[in-house]
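> After the C-alpha cells below, expect a handful of questions from me.
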Amino acid sequence: MFNIGVDFGFWERFYGSVDYFNKTSDGLLYDVPLALQNGLNSITMNAAKTVNSGFEIVLGANILRSDVVWNMDLNASFIKDEIKDLNGENDIKMTDYQKIWSVGGSQYEFYMPTWAGVDPQTGDALWYKVDDSGNRTKTNKYSEATYERQGRSTPLVYGGYTNTLSYKNFDLLIQLNYNIGGKVYDNLYANLMHDGTTPNNNMHVDALNAWTTPGQITDVPKYSINNSTSSSSLSTRYLYDATNIKLKTITLSYTLPKNLGLFSKVVAGAKVWVSADNLCTWFADKDYKGYDDLDIFGIHAYKMYPYSFPTPRTFTIGANLTF
Amino acid sequence: MKIKYFALAFLMLPFMSCSDDLLYQDPSTSLIDENIFESADNVNGVLNGAYSWTGHYYYMTLGQISLDVMGNDMKITDGTYGFSTYNWLMYAYAYQQYPRVVDGWWSAYSPYIWQTAYKAIDQCNQIIANEDKLPEGCEDILAQAYGLRGWNFLNLYHLFCTSYTNTGDEGQGLFLRLTPGDASGENVGRSNLKASMQRIIDDFTYAYEHCTDKSGNYFMNKKAAALLLARTHLDMGNYDLALDALSKVGSSYDGSDLMSAEEYQSGFNTINDEWLWGFNYTSETSNIYASIPSFYYIAKAKDDESGFGTPGYGTKVENKDYLSENAVEYLVGYGTVRANNSFVGIFGNGDCRKLFPFYVNEKDGYAVAKFSSKGSLGIADYPLCRMAEAYLIAAECYLMSSTQKDEAKAKDILNKLQEKRNGTISTDVTIDEIWKERRRELYGEGFALPDIKRLQKPLERTGEDHWCSVVSLPANSPRMMFPIPADELDYNKQADENDQNEYWRN
C-alpha cells in the first residue's frame, strides 16, 4: 500500500486535501474455474492479484461567516481497479455477474452482446455480430451475437457535495451524492420486458410498444407466447449509463432559545427538526427506469442478487430535549 | 484484585491464537481421500455417491425427460392451460439451448446435466482409478462402478453426440475422463466415437463379468450390464454383437419374463421382476418437485367413472379445478409433460400402455399417467432398463443382421411382447414397425431422441398441439443434441472451440 497526500488551507476560508493511493492485493481468495469434467466448476484458492489505485479529493469553503454561516464541502474519489493475475488464466467469464475478468482489465467490466434494435420489417430483435476482421453486421439469431466488453459498473468518479447554512437558530443541511460514469444492468426491467418468454409473468407498460406492423419503428420486439428467440436475453438492451446525482438528505433544524420562561426552567436545551432522505435521483440516462440504489456490480435483480428492493424515501420529524 | 486479572486476561486476548489441534479439518459428514479405502463400507459410500448424482434432478430429470420431449411423441405443455412450466424442460422441447446460461437458468440445461453427470463419473473414477488400493470385499462394488460409469457415458453420448450410425468411428465423441477430478488442470480432450463407444463397451463388459449381484436390481448388476451392452451395440448398428450380449441377458422371449398388464398399469413406480435396473427415489434422495413423476403425472383418471377401458378415459376435462375435485389418485407437482395427439393415436384401444387418461385442451396434448409416485410426490422407482427392451433389440437384430437374419423369429419375439401388452399384433415386421413398438413400449424412458438419431429419421412433429417453432428437422440434424457447456471448453486446455457441437460452433 502506497499512500501520499497533502492537506491545505488558506485565507482561513478555503481548505482541502488530495490523496493518492495504490494498493496491491496478492493471494486473494479466488474461485479458480475448472473444466466441468472434474465434477466441480471451481476450486477456491489464494490465487488472484489486483491493484486498486486512485485519487481522493476534498475541497471545502467557509463562504460566509457572519450572521449567515455558509459552509460547502465537495469530495470526489477517482478509483480504478486492475486485475494483475488470475492463477495464470485470462478472460474468465463471470456469468453470475455478467462480467469478464481479464488481466489488465477491471473486475467490473460488463460482457454481453450488443443490442442493435428491432427490425422494422419483421419485429425481430437484432444484435451485433462481429467477424474476425472486425466487421459489424446485425443478426436476429441470439446465438450468433458477439459478446463484447461494455464498460465498467463502477463510476469514474463519485462523491458528495454538502452545504450547511445557519442563520440565527436555524440550521439547514443539503447533501447531494453523485456518480459519474459506470453502467447498470436493469434486470428487473428485463424481467418485465420478457416479450413472452415467461408468459405468466407481469409486464411493464412499455411492452405495449411491442412491434406489430411491418414498417413500425420501435425498440420493443414483437411479442409471442413462449417466445424462444431470446429477444429478452442478456444484452445491452437493458444496460444503461449509471451517471446520476441524488438528493440524499435535507435537514432543517431549529434550536429553541433559552429564555422561554417556565419551559426553559424544565428543559435546558431543545432542538426540533424536519428531515428528508433519498428525495430524488436524476439519471443522465433518461431511459433508465430501475431503482436508484446502485451497488458495485451494477446488476439489479440478476442471478447472485435475485431480490432488489428500492431505498425508501423517508421523512423524519424530530425533537431533541435536554433536561 | 479480581478485576485486575480479568482486565489482564482481556488485554492478552489479541496475543492468543487458536491451535491447529482445536480445528477439526476433516468433514464430519463425508469421506476424505485418506479414509475412503479403509473398508468396503466406505468404498460403498463412494459408490452410493455416484448413484446419488446419477439420480440427481439436474441430470436424471432434465436428461431423461429431454430425451423424450426432443422427439416427436412427447412435449411440454405451453403453460397456458393451467399448468405452468416455470421454464422447466420447455426449452429442450423447443430446441432452444445455449452453451452457457444467457438469461435465466433454462437457457442452458446442459451445464447442469454435464456437471452432474461428471460428478457421478468422478465418484466411479475414485473407485476405479484406485483399484489396487481397494480393501477386501470390493469386487462387486468395483464392477458396479464400471457399469455405472458406462451408463453415464452412454447417456452423455445420447445427449451430446451425433449418432454412431451416421458419423461412424470419426464422429465427435465423449470427454473420456477416467481419473478423479483435481485442480491440476490435467483434463482430457474430446475423443472420437470409436474410442468413446469402446470405453462404454469395456465398462459394461467389466460390469457383466465381475458383478456378483449381491445388491439387487436397484443397483448395477450382471443382467442389466448385459442389456446395456446390447443397447450400446444396437446404437452402433452392430446387430450380431447386440445378439451376443442379449444371450447373456437370457430372455426366454416367450413373454414369461415380462410384467403383466396390471403391473404395467399400476403406475410404473415400483420395481418388479421385469426391471433389470431401476432407480430408487426416497424422501432423502429425491427433490420431490423436480422428480420425474412430478413432471409427468397428474392423475390416474379424471373422475371415478372414467377409468382405463371406460368411454370416458382419454376425454377432455373442462379445467384444472375439475381435476382437483374429482380426479382419481390426483397427485401433481408440475404435471407438464404431454403426449402428442398423433402419438396417442398409434396405440390400439385395449393396449395396456395407452396411459393417457384425459386432456385439458385439444392443443395441449394428453396427460400421461405412466409414471406415478408411491403415495408421496417424487417417491418412486424409475426404470433404467427393462426386459421388454431385450425383446425389441432382439427383434430388430434378427431383422437386420446379415449373418443371423431370421424374420420369423423377429416377428415372433415382437408379437410376444405385443400380446403381453394387449397391443396391436404386427403381421409384417419392418424396422419402422419395431420402432413404432419401441415408442409404445418405452415412451418416457429416454429413448425417443436416441432412436430417431440411431435410425437416422427426421424429426417430424405433427399436429396443432406442437406449439414450438421447431416442428421438423432433417435426419442427422446437428441440432438433435445439447451443446457442450462453455465452461468445459473454456477451462479445458485440451479442448477448443472446434470441440463444440457443430450447431453451436462460431
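The values are calculated or read from the model by the stated rules, or taken from the named source; none is laboratory data. Remember, predicted model here, so these are calculated numbers, not experimental data. We place every Cβ from the backbone using ideal geometry, glycine too, and count neighbours over all the protein chains shown.
> Quick test of your reading of the structure: B:Ala195 fulfils all but one of (1) crowded, with 23+ Cβ neighbours inside 10 Å; (2) in contact with a strand residue (DSSP E or B) (Cβ under 7 Å, 6 or more places away or on another chain); (3) under 15 Å from B:Gly150 (Cβ atoms). Name the failing condition by number.
Result: B:Ala195 passes all but (1).
> Scanning the stretch B:183-225 for residues that are within 14 Å of chain A (Cβ to nearest Cβ) and assigned to a loop (DSSP other than H, G, I, E, B), which turns out farthest from the chain's Cα centre (by Cα)?
My answer is B:Ser184.
> Continuing with the same structure: So, A:Lys248, is that one of a type in the set (Lys, Arg), out of contact with any helix residue (DSSP H, G or I) (no Cβ under 6 Å at 6 or more places or on another chain) and modelled with pLDDT of 90 or more or not?
Yes, satisfied.
> Let me ask something else about it. Looking only at strands (runs of 3 or more DSSP E) that fall completely inside the stretch A:1-98, which ones have 1 or more residues that are surrounded by 14 or more Cβ atoms within 10 Å (Cβ to Cβ) and hydrophobic (A, V, I, L, M, F, W, C)? Even if it seems obvious, please write down each step before you answer.
Working: elements: A:2-10, A:14-33, A:42-65, A:68-86, A:92-94.
Qualifying strands (runs of 3 or more DSSP E): A:14-33, A:42-65, A:68-86, A:92-94.
> Would you pick out the residues in the stretch B:454-467 that are touching a strand residue (DSSP E or B) at 6+ places or on another chain (Cβ under 8 Å) and either in contact (Cβ under 8 Å) with a residue 24 or more places away in the chain or within 13 Å of chain A (Cβ to nearest Cβ) (or both)?
Selection gives B:Leu459, B:Glu460, B:Arg461, B:Asp465, B:His466, B:Trp467.
> Sticking with this one: Of (1) of a type in the set (S, T, N, Q); (2) farther than 19 Å from B:His158 by Cα; (3) out of contact with any Leu (no Cβ under 8 Å at 6 or more places or on another chain); (4) more than 12 Å from chain A (Cβ to nearest Cβ), B:Ser426 satisfies all except one. Which?
(3)
> Checking A:Ser235 against (1) small (Gly, Ala, Ser); (2) at pLDDT 90 or above; (3) more than 30 Å from A:Pro120 (Cα to Cα), only one condition comes out false. Which one?
(3)
> So which residues in the stretch B:414-442 are of a type in the set (A, V, I, L, M, F, W, C), within 22 Å of B:Gln265 (Cα to Cα) and over 25 Å from the mean Cα position of the chain (by Cα), if there are any at all?
The answer is B:Ile425, and nothing else.
> Can you tell me which residues in the stretch B:450-506 are in a loop (DSSP other than H, G, I, E, B) and of a type in the set (Ser, Thr, Tyr)?
Correct list: B:Thr462, B:Ser469, B:Ser477, B:Tyr491.
> Now, a different point. List the helices (runs of 4 or more DSSP H) inside the stretch B:270-346, counting only whole elements, that have at least 2 residues being basic (Lys, Arg) and out of contact with any strand residue (DSSP E or B) (no Cβ under 7 Å at 6 or more places or on another chain).
No helices (runs of 4 or more DSSP H) qualify here.
> Please list, ordered by first then second residue, the pairs with beta carbon atoms under 8 Å, 6 or more apart or interchain, first in the stretch B:252-272 and on the phi > 0 side of the Ramachandran plot and at pLDDT 90 or above, second surrounded by 14 or more Cβ atoms within 10 Å (Cβ to Cβ) and acidic (Asp, Glu).
As it stands, the answer is B:Tyr253/B:Asp412, since those pairs meet every condition given.
> Which number in (1) part of a helix (DSSP H, G or I); (2) in contact with a helix residue (DSSP H, G or I) (Cβ under 6 Å, 6 or more places away or on another chain) marks the one condition that B:Phe356 misses?
Condition (1) is where B:Phe356 drops out.
> Another question, then. Tally time: how many residues in the stretch B:238-249 are buried (at least 18 other Cβ atoms within 10 Å of the Cβ) and either in contact (Cβ under 8 Å) with a residue 60 or more places away in the chain or at positive phi (or both)?
5
> May I ask you to say which residue of B:Gly378, B:Gly423 is at positive phi, in contact (Cβ under 8 Å) with a residue 24 or more places away in the chain and not hydroxyl-bearing (Ser, Thr, Tyr)?
Answer to the check: B:Gly378.
> Given the structure, is B:Tyr398 buried (at least 22 other Cβ atoms within 10 Å of the Cβ) and part of a helix (DSSP H, G or I)? Before the answer, list the steps.
Values: buried (at least 22 other Cβ atoms within 10 Å of the Cβ): yes; part of a helix (DSSP H, G or I): yes.
Judged against the criteria, B:Tyr398 is a match.
> Is at least one residue of the stretch A:93-100 over 24 Å from B:Gly104 (Cβ atoms), at pLDDT below 95 and not charged (D, E, K, R)?
The answer is no; no qualifying residue exists.
> List the number of the failed condition for B:Lys363; all other conditions in (1) within 24 Å of B:Ser251 (Cα to Cα); (2) in contact (Cβ under 8 Å) with a residue 40 or more places away in the chain; (3) surrounded by fewer than 22 Cβ atoms within 10 Å (Cβ to Cβ) hold.
Unmet condition: (1).
> What number of residues in the stretch B:71-83 are in a loop (DSSP other than H, G, I, E, B) and either among the hydroxyl-bearing types (Ser, Thr, Tyr) or more than 9 Å from every other protein chain (Cβ to nearest Cβ) (or both)?
Of all residues in the stretch B:71-83, those in a loop (DSSP other than H, G, I, E, B) come to B:71-73, B:77-83.
Those left that are additionally either among the hydroxyl-bearing types (Ser, Thr, Tyr) or more than 9 Å from every other protein chain (Cβ to nearest Cβ) (or both): B:71-73, B:77, B:80-83.
Count: 8.
> Shifting gears a bit: Is it the case that the stretch B:371-381 has a residue that's part of a loop (DSSP other than H, G, I, E, B), more than 26 Å from B:Gly216 (Cβ to Cβ) and of a type in the set (A, V, I, L, M)?
Checked the stretch B:371-381: no residue is part of a loop (DSSP other than H, G, I, E, B), more than 26 Å from B:Gly216 (Cβ to Cβ) and of a type in the set (A, V, I, L, M).
> Within the bounds of the stretch B:229-248, is there any residue that is at pLDDT below 95 and either assigned to a helix (DSSP H, G or I) or among the polar types (S, T, N, Q) (or both)?
No, that holds for no residue.
> List pairs: first in the stretch A:131-146 and at the interface with chain B (Cβ under 9 Å from one of its Cβ atoms) and under 18 Å from A:Val220 (Cβ atoms), second of a type outside the set (Gly, Ala, Ser) and buried (at least 16 other Cβ atoms within 10 Å of the Cβ), Cβ under 8 Å, 6+ apart or cross-chain?
A:Tyr142/A:Pro113; A:Tyr142/A:Trp127; A:Tyr142/A:Thr229; A:Tyr142/B:Tyr98; A:Tyr142/B:Val102
> Give me the residue from the stretch B:84-116 that is more than 9 Å from chain A (Cβ to nearest Cβ) and small (Gly, Ala, Ser) and, out of that set, surrounded by the most Cβ atoms within 10 Å (Cβ to Cβ).
B:Ser110
> Continuing with this model, one more query. Would you point out the residue of the stretch B:166-182, among those that are within 20 Å of B:Gly150 (Cβ to Cβ) and away from chain A (no Cβ under 13 Å), that is surrounded by the fewest Cβ atoms within 10 Å (Cβ to Cβ)?
Residue satisfying both the conditions and the ranking: B:Asp169.
> Going by the structure shown, is A:Thr243 of a type outside the set (Gly, Ala, Ser), under 27 Å from A:Gly117 (Cα atoms) and within 14 Å of another protein chain (Cβ to nearest Cβ)?
For A:Thr243, the condition - of a type outside the set (Gly, Ala, Ser), under 27 Å from A:Gly117 (Cα atoms) and within 14 Å of another protein chain (Cβ to nearest Cβ) - is not met.
> I'd like the full set of residues that are modelled with pLDDT of 85 or more, surrounded by 16 or more Cβ atoms within 10 Å (Cβ to Cβ) and of a type in the set (Asp, Glu), limited to the stretch A:266-323.
A:Asp277
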